[in-house]
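First comes the structure, then the notes that go with it.
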Amino acid sequence: MADTKNKRYTKPKPYRVSASKKATAEKAPFRIIPLGGMKEIGKNCTLIECNDEILIIDCGLAFPEYEMFGIDIVIPDFTYIRENKEKVKGLIITHGHEDHIGGIPYLLQEVNVPVYASPLAMGMIQHKLEENFLSCESHVIKAGSKFRAGSFRIEAIQTNHSIADSLAYSIKFPGGHVVHTGDFKIDYSPLDGKVIDLNRFSQLGDEGVDVLLCDSTNVLRKGYTPSEAVVRESIDEIFDNIDRRIIIATFASNVHRIKYFIESSIKHQRRIAVSGRSMENVLALSRELGYLDDIPESAFVNISEIKNIADRNLTIITTGSQGEPMSALTRMAYDNHKSVKLKKNDVVVFSSSPIPGNEKVISQVINKLYEKKVEVVLASTMDVHVSGHASSEELKLIHTLIRPKFFIPAHGEFRHLIEHAKLSNRLGQPKNHIFVIGNGDALKIESRKAEIIKEFTSGDDVMVDGYGIGDVGSVVLKDRKSLSQSGLITISVALDSATGSLMTEPKLNTKGFVYVDEHQDLLRDALNIVYNTIGKNASKGKTDEASLTRAIKSDMKTFIYNRTKRNPVIIPVILYV
Ligand SMILES: [Zn+2]
Ligand SMILES: [Zn+2]
């Protein structure tokens, strides 16, 4: 009895050991080095380096920005990986979106590394590799899988996102414990029934996490991102009430949503036709992987045979939700589609939201649809799309469960990273434990301290144009910009190599400058300028190629600018005969 009395005031044992105490006792120093995905949304790629071993998380691409003329895609700069090839132990993939897997074929040309990815992501990666005649050591993993790459002990954790099989990772190694969320949201009723494993996140928080890297895309959105179940309700409403042809444009990779469109169609006695190469590819892959197991082949009809099917019995699932010029929906809108002629009263559903930068082309397509008196359903008017990224309240939950010692906001433009840093600070994370870092910077963690090493390696954009990787830089882009703005003038001059006098009349050619037939006067006057310049230089004895090129360029530039206020690229070509 006496004992109980004494114990009454004993402080209860804390049932959680604080993350900061447990996480960093006497561990090897390590670095986290993002090569892409910081201060941008695109080309995600992050390295963890410890004891001469490197683990890569994701390897994505970015789409070219407005002024990157002629550039196909942008990938991370792999210089650091190239220089440390022998240290690289593995590449782990969070999910199959292009900004996470699109750079893999380029990486694998530099370094042979085992790739770990979920079934759908791996299927998409394999497809890319086959297109590029590449192969790799591949390991298919699932939520809950635990595996090793070198000394990295890795665990894949179930998350929710706008593509099936999205994973977060817990990575334990001699330096400590890093958790990377990948792209995620918290969906309590996802279409595949697999809810994000919050319990595991909480356990990892108890074990102690040194560094958390977390998706920042929707940090500016208040509250919670709605569940995919919301889309399901809207789709039900559309199918219940519409007895005309339904055409749905969505992201090919959102397999579960597409499966729901298919199931709803079957329920409403509709056959399904699919249009667009990426949609056909992903559906074939989904079928192979068993995502569409309960859908009979007879539910589908070839797009070229839809003529025989009544409008009320047909759903078309198509690419083109981003207004891509060659996509199936855009071709339908512009009457260029081989099998689908749009007609009055068709219903086109955009089950998507515009990716920033695409708004204009999408609205052009929408206007074309209106011209055809097609009924257009957008996410802004009906809940036919929800985001795949966590809003601020969901982010707060993840921070609270994981309670990392250090925090790096990831996957976001600069404003997103800064706001995510502020959110974490408001939750009690000390400012000097939050690190907003750029591509190519490194966060070094050593004896319980973390510091940023600015510009540790190159975090530049590497531009891909056709077969050329990185050969187009700022100089070439500047030329392409000038050419696109005012065109080109070439001036061909043949001179006597002995006397420096003109052998024939100089020739002027233009491209993209003016319509020649309507500007004969201007071109004649320009030719006179060339005569004058050559005469002037000859009288000074300056008939060498360099002096003459410089003089013609400069005089012509002034003349053209004064007459037209334009700055075309001017290329003199001088021949000595
Ligand atoms: Zn994603
Ligand atoms: Zn992403």
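The values are calculated or read from the model by the stated rules, or taken from the named source; none is laboratory data. What you are looking at is a predicted structure, and each value in this text was computed from that prediction instead of being measured. For neighbour counting, all protein chains shown are included, and Cβ atoms are generated from backbone atoms with ideal geometry for every residue, glycine included.
Just a few scattered comments:
- Put simply, of Ile362, Ile366 the only residue that is among the β-branched types (Val, Ile, Thr), in contact with a Pro (Cβ under 8 Å, 6 or more places away or on another chain) and surrounded by 15 or more Cβ atoms within 10 Å (Cβ to Cβ) is Ile362.
- For region 209-235, the set of residues classified as touching a residue at least 60 places away in the same chain (Cβ under 8 Å), surrounded by fewer than 21 Cβ atoms within 10 Å (Cβ to Cβ) and assigned to a helix (DSSP H, G or I) consists of Val230, Glu233, Ser234, listed by residue number.
- Taken as a whole, the structure leaves Ile33 outside the set of residues that are in the same structural domain as Ala410 (by TED's automatic domain parsing), within 16 Å of ligand 1 (Cβ to nearest atom) and surrounded by 24 or more Cβ atoms within 10 Å (Cβ to Cβ).
- Any hit, region 77-99, residues being of a type in the set (A, V, I, L, M, F, W, C), within 16 Å of ligand 1 (Cβ to nearest atom), surrounded by fewer than 23 Cβ atoms within 10 Å (Cβ to Cβ) and at pLDDT 90 or above: no
- Meeting the requirement of 1 or more residues that are of a type in the set (Asp, Glu), the helices (runs of 4 or more DSSP H) wholly within region 244-335 are 255-267, 277-289.
- Count - residues of region 170-190 that are farther than 17 Å from Thr400 by Cα and hydroxyl-bearing (Ser, Thr, Tyr): 2
- If only residues of region 100-119 that are touching a helix residue (DSSP H, G or I) at 6+ places or on another chain (Cβ under 6 Å) and of a type in the set (Val, Ile, Thr) are counted, the one that is surrounded by the fewest Cβ atoms within 10 Å (Cβ to Cβ) is Val111.
- Within region 427-445, the set of residues being in contact with a strand residue (DSSP E or B) (Cβ under 7 Å, 6 or more places away or on another chain) and not in a loop (DSSP other than H, G, I, E, B) comprises His433, Ile434, Ala442, Leu443, Lys444, Ile445.
- Filtered residues of region 256-292 (kept if touching a strand residue (DSSP E or B) at 6+ places or on another chain (Cβ under 7 Å) and of a type in the set (A, V, I, L, M)): Ile258, Ile262, Ile272, Ala273, Val274, Met279, Leu283
- Here Ser264 meets each of (1) within 30 Å of Gly182 (Cα to Cα); (2) out of contact with any Lys or Arg (no Cβ under 6 Å at 6 or more places or on another chain) with one exception, condition (1).
- The number of residues in region 159-208 that are farther than 21 Å from Ile125 by Cβ, in contact with a His (Cβ under 6 Å, 6 or more places away or on another chain) and either part of a strand (DSSP E or B) or among the β-branched types (Val, Ile, Thr) (or both) comes to 1.
- Cross-chain or 6+ apart pairs with Cβ under 7 Å, region 414-426 first and part of a helix (DSSP H, G or I), then among the aromatic types (Phe, Trp, Tyr): Ser424/Phe407
- Restricting region 166-183 to residues that are within 19 Å of Pro34 (Cα to Cα) and within 16 Å of ligand 2 (Cβ to nearest atom) leaves a set whose member that is surrounded by the fewest Cβ atoms within 10 Å (Cβ to Cβ) is Tyr169.
- In a residue-by-residue description of region 247-260, the property of being surrounded by 22 or more Cβ atoms within 10 Å (Cβ to Cβ), under 30 Å from Asn51 (Cβ atoms) and more than 16 Å from ligand 2 (Cβ to nearest atom) applies to no position.
- Some residue of region 125-132 being within 14 Å of ligand 1 (Cβ to nearest atom) and surrounded by 23 or more Cβ atoms within 10 Å (Cβ to Cβ): no
- Output for region 93-108, where each listed residue is part of a loop (DSSP other than H, G, I, E, B) and within 11 Å of ligand 2 (Cβ to nearest atom): Thr94, His95, Gly96, His97, Gly102
- Which numbered condition Ser353 misses (of (1) within 16 Å of ligand 2 (Cβ to nearest atom); (2) assigned to a strand (DSSP E or B); (3) of a type outside the set (A, V, I, L, M)): (2)
- Selection status of Thr4, over 23 Å from Arg148 (Cα atoms), of a type in the set (S, T, N, Q), more than 12 Å from ligand 2 (Cβ to nearest atom) and at pLDDT below 75: yes
- Every pair of residues 6+ apart whose Cβ atoms lie under 7 Å, when the first sits in region 55-69 and is in the same structural domain as Lys85 (by TED's automatic domain parsing) while the second is more than 14 Å from ligand 1 (Cβ to nearest atom) and aromatic (Phe, Trp, Tyr): Leu55/Phe152; Ile57/Tyr169
- Residue within region 50-58 that is surrounded by fewer than 20 Cβ atoms within 10 Å (Cβ to Cβ) and at pLDDT 95 or above present: yes
- Residue in region 143-150 that is outside any strand (DSSP E or B), out of contact with any Gly (no Cβ under 9 Å at 6 or more places or on another chain) and free of Cβ contacts under 8 Å to residues at least 12 places away in the same chain present: yes
- Just one residue in the set Ser392, Ser352 is in contact (Cβ under 8 Å) with a residue 24 or more places away in the chain, touching a strand residue (DSSP E or B) at 6+ places or on another chain (Cβ under 7 Å) and within 29 Å of Tyr224 (Cβ to Cβ); that residue is Ser352.
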